[in-house]
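In what follows, a single structure is set out as structure tokens and then discussed.
All of the numbers you see were taken from the coordinates with simple rules; none came from a lab. Predicted, not measured: the structure shown is a model, and the values here were computed from it. Note: ideal-geometry Cβ built from the backbone for every residue, glycine included; neighbour counts use all protein chains shown.
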Amino acid sequence: MAIKARLGRLIVILAVVACLAPTPDLAQPGEGSSPGSVVEYVIGVEDVLDIVVWREEDTTIRVIVRPDGKITVPLIGDVQAAGRAASEIAAQLTESLSRYIKEPLVAVIVSEINSFRVYVIGEVNSQGVLELRQRTRLLQALALARGLTEFANKSDIVVIREENGRIERMQFDYKKLVKDENASDNIYVKPGDTIIVN
């Protein structure tokens, strides 16, 4: 009984913290966000979510975001999760569950981040997939790939990004990035980005 009471208090604390302190976004901030502003993490496919409904054990679940971007929640059914913040999903679940539960208190917690993969190929010392756990800039991603080889063309680094069905190619000069001539060029990488060092 004491364990259930402690669990209940923990859930309430997590729900309050989730509302007051949004999770940092792993993707690049939007154009409207100011430097240093806190934006929420955008959930992706294969992320693991804990959905906790206070005092409702049957509705408290752990789910993996499916390849179609959805999760299945008891009493509600399929809910779109990919591309949304945890607070958005919690708000939707609260509204939907209120038809079955009186004043539901819902917390959506990202317990595992598995969707933030960046691919690095070409003249780097360690090609392959980078599994990231925090916001990462281009130079940091190259460092995680153990840097450029001696054969790399430092003025020809390309980031390929797919957004809204469109492929975007962005070219960068490594020397300028390092010299910080244009700090805005050292972009945040996004899930699914491919970095090519020619």
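Each label point was placed 7 Å from the Cα along the Cα-to-Cβ direction; for residue 112 and residue 91 their separation is 2.9 nm.
Ordering 87, 115 by the number of other Cβ atoms within 10 Å of each residue's own Cβ, fewest first, gives 87, 115.
Gain on full extension, evaluated as 0.36 nm per residue between residue 121 and residue 40 minus their Cα-Cα distance, stands at 26.2 nm. Within segment 140-174, the GluC sites (Glu not before Pro) that combine a DSSP coil assignment with at most 15 other C-beta atoms in a 10 angstrom radius are 150. With contacts taken as Cα pairs under 8 Å and at least 6 residues apart, segment 117-197 reaches a relative contact order of 41 percent.
Within a straight-line Cα-Cα reach of under 24 Å, residue 190 can be paired with the following lysines, leaving aside sequence neighbours fewer than 8 residues apart in one chain: 70, 154, 175, 176, 179.
For segment 112-161, the list of chymotrypsin sites (Phe, Trp or Tyr not before Pro) that fall in a loop by DSSP and count at most 16 other C-beta atoms within 10 angstrom reads 151.
Among 94, 72, a tally of other beta-carbon atoms within 10 Å of each Cβ gives an order, fewest to most, of 72, 94.
Pick out, in residue order, every one of the trypsin sites (Lys or Arg not before Pro) in segment 105-172 that is DSSP loop and has at most 15 other C-beta atoms within 10 Å; say none if there are none. Here the trypsin sites (Lys or Arg not before Pro) that fit, given the DSSP loop and packing criteria, are 133, 146. Would you mind calculating the relative contact order of segment 48-88 from Cα pairs under 8 angstrom and at least 6 residues apart, reporting the percent as a whole number? Relative contact order here is 26 percent. What the Cβ-Cβ distance of residue 61 and residue 175 gives, at R0 = 30 Å and to the nearest 0.05, is a FRET efficiency of 0.05. Here each label is just a point 7 Å from Cα along the line to Cβ, and for residue 167 and residue 154 those points are 2.9 nm apart. Under the classification rounded if a/c is under 1.5, otherwise prolate if a/b is larger than b/c and oblate if not, where does segment 117-197 fall, given a ≥ b ≥ c as square roots of the Cα gyration tensor eigenvalues? Taking the square roots of the gyration eigenvalues as a ≥ b ≥ c, segment 117-197 is rounded.
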